[in-house]
């Protein structure tokens, strides 16, 4: 099966649509992560929302949690961006092929066409873009990956 994974960053929001998985995401481009390890605590939530929804964790780790944009090209967190996109790609795979055995078979037969719209991407340093594309190659079932309409992985 060919799976279309469309991700767009627009006005400080991350929009992801994977029709085959019935996955439609519209969240703030905010990642709460542990400062030292970059372990993700929450996606698309403000400090107030994290504090309200996870009071125990907030009480324990509030001094170690930072809130960052993953897709702001002026302070591009490429590892965070890859982690966020990978999380939603794996979530889509799990929806399309529930169950571990079926998901393993899906790795063989499913191919994802990733399309990322990231304003300002072309202005990033070449080294940053090369590293970003290298990390994107680790995504599940990559058939093709385009960024702003330009093919970066695949044929």
Among strands (runs of 3 or more DSSP E) completely within the range 12-80, the ones holding 2 or more residues that are under 25 Å from residue 94 (Cα atoms) are 13-18, 23-28, 31-34, 40-43
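Do we have residue 21 as closer than 23 Å to residue 145 by Cα and modelled with pLDDT of 90 or more here? Before the answer, list the steps.
Details: closer than 23 Å to residue 145 by Cα: yes; modelled with pLDDT of 90 or more: yes.
When the stated conditions are applied, residue 21 passes them.
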The condition from (1) out of contact with any strand residue (DSSP E or B) (no Cβ under 7 Å at 6 or more places or on another chain); (2) crowded, with 16+ Cβ neighbours inside 10 Å; (3) outside the structural domain of residue 111 (by TED's automatic domain parsing) that residue 78 misses is numbered (3)
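Can you say whether residue 4 is without any contact (Cβ under 8 Å) to a residue 12 or more places away in the chain and either closer than 27 Å to residue 139 by Cβ or not in a helix (DSSP H, G or I) (or both), as far as the supplied structure shows? Please lay out each step first, then the result.
Details: without any contact (Cβ under 8 Å) to a residue 12 or more places away in the chain: no; either closer than 27 Å to residue 139 by Cβ or not in a helix (DSSP H, G or I) (or both): yes.
Spelling it out, it is not the case that residue 4 is without any contact (Cβ under 8 Å) to a residue 12 or more places away in the chain and either closer than 27 Å to residue 139 by Cβ or not in a helix (DSSP H, G or I) (or both).
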(request) Return yes or no: is residue 129 assigned by TED's automatic domain parsing to the domain that holds residue 6, in contact with a helix residue (DSSP H, G or I) (Cβ under 8 Å, 6 or more places away or on another chain), modelled with pLDDT under 95 and not in a loop (DSSP other than H, G, I, E, B)? (result) no
The residue that is farthest from the chain's Cα centre (by Cα), considering only those in the range 41-66 that are under 18 Å from residue 25 (Cβ atoms) and in contact (Cβ under 8 Å) with a residue 24 or more places away in the chain, is 41
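The values are calculated or read from the model by the stated rules, or taken from the named source; none is laboratory data. Here the structure is a predicted model, which is why all the values come from computation and not from measurement. Every residue, glycine as well, gets a Cβ built from its backbone with ideal geometry; the counts of neighbours run over all protein chains shown.
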